[in-house]
Structures are given as structure tokens and as C-alpha cells.
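Encoded as C-alpha cells, the structure appears first; notes follow it.
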Amino acid sequence: MKILVCISVVPDTTTKITFKDNDTTFDKSSVQYILNPYDELSLTRALEIAEQNAGTVHTITVGESDCDPIIRKALAIGAHEAYRVDAQPKNAPFVAHQIASHVKSENYDLILTGRESIDYNGGMVQGLLAELLQWPLINVATEINYSDQEITACRDIDGGRENVKSSIPCVVSAQKDLCEPRIPNMRGIMMARSKPLNVIKAIDLPEFTEITKYELPPSKTGVKLISAENAEELIDILHNEEKLF
Amino acid sequence: MAVLIFAESDSGFYKKSTFEAISYGRKLADQLGTTCIAISIGNKGTENLGSFGAHQEVLYVNELYQTFNPQSYAKAISQTAQQLDCNVIIISQTYTGKSIAPLLAIKQNASIATGVIGMANTIDGFTVKTTAFSNKAIAHVKLNQEQKILTIIPNSYQINTYSETSEIINLEDTIAASDINSTVLSTHKETGKIPLTEAELVISGGRGLKGTENWNLVEELASALGAATACSKPVSDMEWRPHSEHVGQTGITIKPNLYIAAGISGAIQHLAGVSGSKVICVINTDPEAPFFKAADYGIVGDALEVLPRLTRRILEIKK
Ligand SMILES: Cc1cc2nc3c(=O)[nH]c(=O)nc-3n(C[C@H](O)[C@H](O)[C@H](O)COP(=O)(O)OP(=O)(O)OC[C@H]3O[C@@H](n4cnc5c(N)ncnc54)[C@H](O)[C@@H]3O)c2cc1C
């Protein structure tokens, strides 16, 4: 059983978002980076499945060398080997094509991703990858199990959930509740130093999309306070002035 | 050249987000001087989609579409786009839509933008505004390929109605059992509940509500108003509420017309999922709670006392 986990490196959730170069570039200075929270889940679940099936877990990240500390963290959590495609992750199709190109040179049985990266929230890489490889996709899974060449999973759907199964190889994306994310221990951190972190060259691709500008969402102009004694007034405003019901 | 919209349905009925997507598609088609075509999969056409702006509609009703498989749905949309020469495909950003759109992007060799929140600017190229950094920013995304796919966030585009009837187009559907590459074993839907992503009114509770025993106050207000219920992350982590109600950066992103937050402090990760709401009301005992800075209306007070009074007032008005 050989599993590939796609790891993205994203700004910490408390990051204040600012831009530079006339609002055309995200300002990375003083931003703290973390392992994408959903990818911590998929990595943990991959390790659990690998442990039960005498398997190995590889990670892959599309990013420049500043991602290496986060990749080492993934190795410290337990991944056996890491790959980094040395390029800026320009957009989801760029990332998916790079990963697909690596997958074609290895024999993976399963690819796990997060439901989305919390920076651009695209949630596309898993689907793009599945289609590029012609593998089945199970998206937004809260349970993933493997036995007898088959993946069974529970996925979120609009207004509920669904149990599905698929043959391997396939692509599954992780949703909250999948598992309790593992945190690296001292031994893991020591071992991670000598695990392979392979840097591979990016393949050339057309510019599918580009971000031409950023802006901040409109902010609220100020709160109107209503005293608790007159709480009903809130409903009257919502009804008469805001006409919300 | 035409605009194709995936008309998604749930249990045989079109979703509200479908009507938004069709209205969006029609506006875009008008702007580009072309036709707006809706494709419905697994729904016999319970309503004529001309009322929402479709000029034409294609209905695929093969029983293979009874259960959702991203691959077969993407194939149906792709074959339609090719046969009818469509170069822009519009999809609602639901769980279903999000699973289909990237597959289509590869099949069509298209540029794709997700999280779209406004009409495309087609004056100089093709640019859309999308959410980025979990609603903390808006990015202007330019789509460079000839073929384009947009997923539209529900509640971000208004529904327009037309006194028109669309023409039903019959296309040969080549779907086969071999196109289904995963099997649905069982489906569980929460019945009688308004899906959170589609809800126009949402009542949400946080840790300040103290425990599950007080959630009836949230539910009573929600039912009086016809609203959906949501919660903060710790509330779903402690299993006071199901994780499907968790909104925020690591939960669901919503854009309702009204968001009432009771006993929620307004942490940056929570705001990320709800700040797109049109009107935000906050009830919190702590006048310094950060949520008040992101709110339109605020009540400094005990939610356990305030919520029942709000419910009572709504019932009085509705009587
Ligand atoms: C990586 C990461 C991702 C995260 N993602 C999310 C996310 O997606 N969504 C999310 O919600 N959080 C998320 N969080 C957690 C977030 O940082 C906050 O901890 C969380 O939102 C706080 O929830 P809360 O407001 O319910 O609880 P608290 O912060 O404990 O706030 C409770 C509030 O209730 C008030 N209160 C107490 N009693 C009453 C009363 N009787 N009546 C009225 N008010 C009362 C208090 O004054 C307080 O403001 C994330 C955190 C991290 C690190």
C-alpha cells in the first residue's frame, strides 16, 4: 500500500491579510506559515491506513524552499519520504498538473488531499488530479477505510452524508472529523532530519488563470447597540427597516 | 458560443442556488450576446427554467444519474457543452458542484475560478471577483483559456425572473454503467431542515450558550423565523451540535441575508466564514467581544434571556 498525501503550506489562520505592489501581490512579510489544517487530517489518516497495511506514505508539496520546515514537520509526524516541486503554487491547475506528473512516475494506490487549502479555498486540486489520472474522486470525506483493494468512505453532501466505495487507485479529500491530527514527538522530529526530501523540477504549463488584483471586503460602518431591556426592538428593525422577514 | 448552466436538483426539485446560477448565466449570456442553456441531470424538469432566464434546456433522466457520481455528471455536462458549442459553464458552489467543476475543467481544457461572488467583467478579457484567504480578501481572477468554468457561491447573486419559456432540446446521452466509477452505498439526509449554505436567515450559537440544554432557544428562534441553525467550532468539537453546522474558516462559509450570533466571541477564524452575511446581529454579555466590531446590530446581554424575547416578538408580528 503506497499512499501519497498532498501537503499545502498556508498562512496561519490569525494572519492579517495585506497586499503590496499596488494591490497585485499578497504581502508575505511577517506572515506565519502552517501546514494546512485539512492536510494534517489526511496525513494522519494516511499513516493509520499505512500502519494497518504495511504501507508507506509519501508527501508532495508544490512550493519553494521556504516550505521545507513545514514539509519536515510532515516527516516528523510520520511520513516516510517527501517530494517538493520547486515552484510557486500559482493556481490549482498548476499544482494539480505538477502532482499528476509525479504520480505517473510512481505507483500509488491512494492519494489523499485536504478538502481545501485555507488560503485560496479552491478545493479543486483533488478533482483536477483525479481527472488528470482518470481515477475516481471521493470528495469531502469524514471517514476513510481501506480493505481488499477497496476504499469505503463517508462523504459530506448538501444537507447530509453518503457512504461510498471505490476501487483503488483513487483520490479522497479529507474533511473535519476524519481523525484526531497527530502532532510530532521528539523522536519523530529527530528521525525527520534524515528522511529524504526530494526536490523535483516543475513542468512547464500555460497560464490558465492569473490574479490581477486584490481588494479587502467592505467593512462594517459601526454597530448600532440596542439595550437588553428593549431586545424586541431588534426584531422590529429587522422586520420594518431591514425587511428581512 | 453559448453559456451552459448546470441546473442542480435535490430529491427531484431544483435548488434555490440553481435559479441564482441560471440568472447569473442569463446576465452573462446577454452581456456576451449569446444563448443561455441549462442542463438538468436526473430531474425530469419539474419547472420550466425559462422563468429564470434559460433560453434552452437539456434534460438527462437516465437512471444511472439517480445516485451522484462526479465522473458521470461531469461527462454529461462536458458532452453537452461540446455538442452545443458552449464555452462558459456555470455551476453553483455546492458540495455537488465543487466535485464536478474540476473534473470538467480538465475535460474541457478550461480555466476555472471557484468562489465567484460577482458578475464577470468581459470588457477586456474575462475577469471575475472571487473570495480568497477565507473571505478575508477578494481576488480578481482573469481566465485565459477559451473555455471557462465558474462556480458561484450560493446567495451571492440575486434571482431574476422572466416571462419566457425555454425550448427543450433533446440530445443523445451516451452515459453507460462503465462511466460510474464509485458506488453510493447509502445516503442520509437531514429532513425538514434548511440547508445551511442555502439559508437566507441563520441563527448561530457559541460556547456562551453553556450547553446542549439551551439549544432549544436557538431552535425556537430559528423555527419562528424560518431560519437555519449554525454554531461555532468549539460547539461542534464538544459535540453539542453536528459538525455540519460548524461555520468559519475550517467549517462552512455562508452568506445569508441575516446572521444572528448568540454567545459567540467573534474570533477571526469564525468571522472568516460569516463576514459575507448582509446583516449581522450579535448578542453577547461581554461589551468588548470582538464580534461587535463586525456587526450591524448588537445587544450586550445574556443570550439565554434575550433569545426567548426575540422569538416571542417574531411570533407576535407573524400572528
Ligand atoms: C486553525 C483554527 C481554525 C479555526 N476555525 C474555526 C472555525 O472555522 N469556526 C469557528 O467558529 N472557530 C474556529 N476556530 C476557533 C476560534 O479561534 C475560536 O476559538 C472560536 O470561534 C470560539 O468559539 P465561541 O465564540 O463559541 O467561544 P468563546 O470564544 O468561548 O466565546 C464565547 C462567547 O460567549 C459570550 N458569552 C458567555 N456567556 C454568554 C451569555 N449567557 N450570553 C451571551 N453571550 C455569552 C462570551 O462573552 C464570549 O464572547 C479556529 C481556530 C484555529 C486555531
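Computed with the Debye formula from one identical point scatterer per Cα of the protein assembly as shown, without solvent, the log10 of I(q)/I(0) at q = 0.07, 0.10 Å⁻¹ comes to -0.41, -0.85.
Averaging the Cα positions of each part gives two centres, and for the range B:116-144 and the range B:218-260 these lie 28 Å apart.
Take each residue of peptide A:130-140, count the partner chain Cβ atoms within 10 Å of its Cβ, and average: the result is 5. The value given for the range B:97-254 is a Kirkwood hydrodynamic radius of 19.3 Å, derived from the mean inverse Cα-Cα separation. What does the charge count around A:Q149 come to, taking other residues whose C-beta lies under 12 Å from its C-beta (Lys +1, Arg +1, Asp -1, Glu -1)? Here the charged neighbours net out to -2. Counting only aspartates and glutamates at least 8 places from A:K16 when in the same chain, those with an alpha carbon closer than 15 Å to its own are A:D27, A:D119, A:E215.
Helical content alone sets the calculated 222 nm signal of chain B at -8000 deg cm²/dmol, taking -39,500 (n - 2.57) per DSSP H segment of four or more residues and averaging over every residue.
Here the calculated FRET efficiency for A:N22 and A:E64, from their Cβ-Cβ distance with R0 = 22 Å, stands at 0.45, rounded to the nearest 0.05. Bridge orientation summary for the protein assembly as shown: considering DSSP beta bridges with both residues in this region, about 35 percent are antiparallel. Legend: distances between Cα atoms for A:K2/B:K189; A:K20/B:K293; B:K142/B:K193; pairs beyond 29 Å are A:K2/B:K189; B:K142/B:K193. Within chain A, what's the longest stretch lacking GluC sites (Glu not before Pro) that sit in DSSP loops with no more than 13 other Cβ atoms inside 10 Å? Maximal segment without exposed cleavage sites: A:1-105.
Note on chain B: with a GNM built from Cα contacts shorter than 10 Å, the maximum mean-square fluctuation among B:N214, B:N257, B:N181 falls on B:N181. Element breakdown for the range B:201-318 at a 1.4 angstrom probe: carbon and sulfur atoms account for 51% of the accessible area. Peptide B:309-316 has a mean shielding of 4, counted as Cβ atoms of other protein chains within 10 Å of each residue's Cβ.
For the segment B:183-196, counting C-beta atoms of other chains within 10 Å of every residue's C-beta and taking the mean gives 4. Could you give the alpha-carbon Rg of chain B over 2.2 N^0.38 Å, rounded to two decimals? Taking the Cα Rg and dividing by 2.2 N^0.38 Å, one obtains 1.07.
Ranking A:F245, B:F291 from most to least accessible surface, computed with a 1.4 Å probe over the protein chains only, gives A:F245, B:F291. Mind listing which trypsin sites (Lys or Arg not before Pro) in the range B:22-62 are in a DSSP loop and have 14 or fewer other Cβ atoms within 10 Å? Within the range B:22-62, the qualifying trypsin sites (Lys or Arg not before Pro) (loop, at most 14 other Cβ atoms within 10 Å) are B:K44. Here's the list of aspartates and glutamates a cross-link from A:K224 could span, going by alpha-carbon distance under 12 Å and ignoring same-chain residues fewer than 8 apart: A:E233, B:D296. Applying 1/(1 + (r/R0)^6) with R0 = 60 Å to the Cβ-Cβ distance of A:N240 and B:L185 gives a FRET efficiency near 0.75.
Computed over the range A:55-162, the percent of Cα pairs more than 21 Å apart is 40. Using the alpha-carbon positions of the range A:109-237, Rg (one decimal) and Dmax (whole number) come out as 22.5, 66 Å. Length gained on full extension, B:K44 to B:Q31: 1.7 nm, using 0.36 nm per residue less the C-alpha separation. Cα-based values for chain A, radius of gyration first and Dmax second, are 21.3, 69 Å. Secondary-structure-derived ellipticity at 222 nm for chain A, considering helices only, amounts to -7000 deg cm²/dmol, per-run term -39500 (n - 2.57) for DSSP H runs with n ≥ 4. Expressed to the nearest 5 percent, the antiparallel share of DSSP beta bridges inside chain B is 20 percent. Gain on full extension, evaluated as 0.36 nm per residue between B:L304 and B:K193 minus their Cα-Cα distance, stands at 37.6 nm. Take the Cβ atoms of B:A177 and A:N53, set R0 to 35 Å, and the FRET efficiency comes out at 0.75. Here the spin labels are modelled as points 7 Å beyond Cα on the Cα-Cβ line, and at A:D86 and A:A202 they lie 1.3 nm apart. Looking at the range B:213-319, the GluC sites (Glu not before Pro) that sit in a DSSP loop and have at most 12 other Cβ atoms within 10 Å of their own Cβ are B:E239, B:E288. Under the criterion of Cα pairs below 8 Å and six or more residues apart, the relative contact order for chain A equals 24 percent. Electrostatic bookkeeping for B:D173 treats Lys and Arg as +1 and Asp and Glu as -1; over the other residues with beta carbon under 13 Å from its beta carbon, the sum is -2.
Among the GluC sites (Glu not before Pro) in the range B:25-116, those placed in a DSSP loop whose Cβ has at most 16 other Cβ atoms within 10 Å are B:E47. Looking at the range A:68-215, the DSSP beta bridges with both ends there are about 50 percent antiparallel.
Considering only B:G273, B:W215, B:S204, the residue lying farthest towards the positive end of the dipole of the range B:191-302 is B:G273, judged by Cα position with unit charges set on Cβ. For the cross-link pairs A:K90/A:K176; A:K243/B:K233; B:K75/B:K98; A:K213/B:K16; A:K165/B:K98, the ones whose C-alpha atoms lie over 22 Å apart are A:K90/A:K176; A:K243/B:K233; A:K213/B:K16. Near B:I254, once Lys and Arg are set to +1 and Asp and Glu to -1 for all other residues with Cβ below 12 Å from its Cβ, the sum equals -1.
Over the range B:2-179, the ratio between the Cα radius of gyration and 2.2 N^0.38 Å evaluates to 0.95.
The values are calculated or read from the model by the stated rules, or taken from the named source; none is laboratory data. Everything quoted here is computed from the prediction, not taken from an experiment. Cβ atoms come from the backbone with ideal geometry, glycine included; neighbour counts cover every protein chain shown. Just the protein is used for accessible areas: all its heavy atoms, side chains included, with ligands, DNA and RNA removed. Shrake-Rupley method; radii C 1.70, N 1.55, O 1.52, S 1.80 Å.
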